[in-house]
Amino acid sequence: MNEERRGVYPFCAPCTASSEAWAAETAGPMGSRFYGHRDVCENCGSSVRTLYNTVLWLPVSKVGQFRIIPTGGRTYVGRKVVTLPVQTVVRREPVSAIARHPELDADPGYQQAEVYWDDHEPGRALPFYQSALTEREKVLAADDPATLRVRLRVAQGLLATRNYGRAIAWFELLTPQLTQVFGPHHELTRAATEATTGARLMVGGPRSEAQLLADIVAADEDSLLARDPQVVRDRAALGRALLACGDISEALEALTQVVRDATPGHPDTAVYRAALAEACEIAEGRGKKREVQLAEAARRVLTGEGAPTSM
Ligand SMILES: [Zn+2]
């Protein structure tokens, strides 16, 4: 099963291809409401509906068109309908340093990974991609296009083998890096965005995600050193899930530890620092005493001389 060609659950592949991941905004002072109901899909039952901002239940401005599947009561899952072809901006493929290291692509383990992947055997490909990634990171930058391609395969392999928590942790790291290196509309970036949405739907909401990741971090801590990149990555995902649950103090504690343990100069560290800065902003905006104190401590870690920095 190839995650790139399948639909994002519960949408079928054609409906997935004609839309993009969309996270519904939380309700503001204005409301919003769907109108219309057309293009019902026989495969997945989704239909295209138009979302309007409403004031006192009156539609005042159009937000856009969405493919919607009701999930009971007033809940639904939706994807934003894409009207323009996504490859409208011509962007050159980024240059990789792998040309100077032909042994990486020629490596029998990497070749084996590719064969398994093409045979729709992601579980068998995964360990080979994981060791290929280790080899690449020894000679290439972590955000070299050739490294990122294998990192994406590792994340996709985890997703395909139902390791949803660890897959989410990888995709959250990868998506900003792919966006930066390949651009937001590149097929690899889109594959990562879609996969994150798919993994989240399988996990079933921030609370289940936080619980799953807390168990994963506990298992990591039993078997790995404190600053092992896997522990740091999984804890960062836990921190983000806690933030999504509104557990701001716990999120700040987890993300502060992540930034303390992250490897200086590594591109992952920039992603972790951005997550902690976001948590600080949320805490400062809410103004609750304990959260503000934790945010102050976190800011000191972000700016402090002893703290790991990136780039
Ligand atoms: Zn469909």
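Nothing in this text is a laboratory measurement; each read-out follows from the coordinates by a stated rule. Since the structure is predicted, the reported quantities are computational estimates derived from the model, not experimental observations. Heads up, the Cβs are rebuilt from the backbone with ideal geometry, glycines too, and the neighbour counts pull from every protein chain shown.
Based on what the data block shows, is Ile248 touching a Lys or Arg at 6+ places or on another chain (Cβ under 8 Å) and within 11 Å of Gly165 (Cα to Cα)? Judged against the criteria, Ile248 is not a match.
For residues that are touching a strand residue (DSSP E or B) at 6+ places or on another chain (Cβ under 9 Å) and more than 16 Å from Val8 (Cβ to Cβ), scanning just region 36-47, find the one that is farthest from the ligand (Cβ to nearest atom).
Step one: list which residues in region 36-47 are touching a strand residue (DSSP E or B) at 6+ places or on another chain (Cβ under 9 Å), which gives 36-41, 44-47.
Going one step further and asking which of them are more than 16 Å from Val8 (Cβ to Cβ), we end up with 36-40, 47.
On the way: Gly36: 17, His37: 14, Arg38: 13, Asp39: 9, Val40: 9, Ser47: 9 Å.
It comes out as Gly36.
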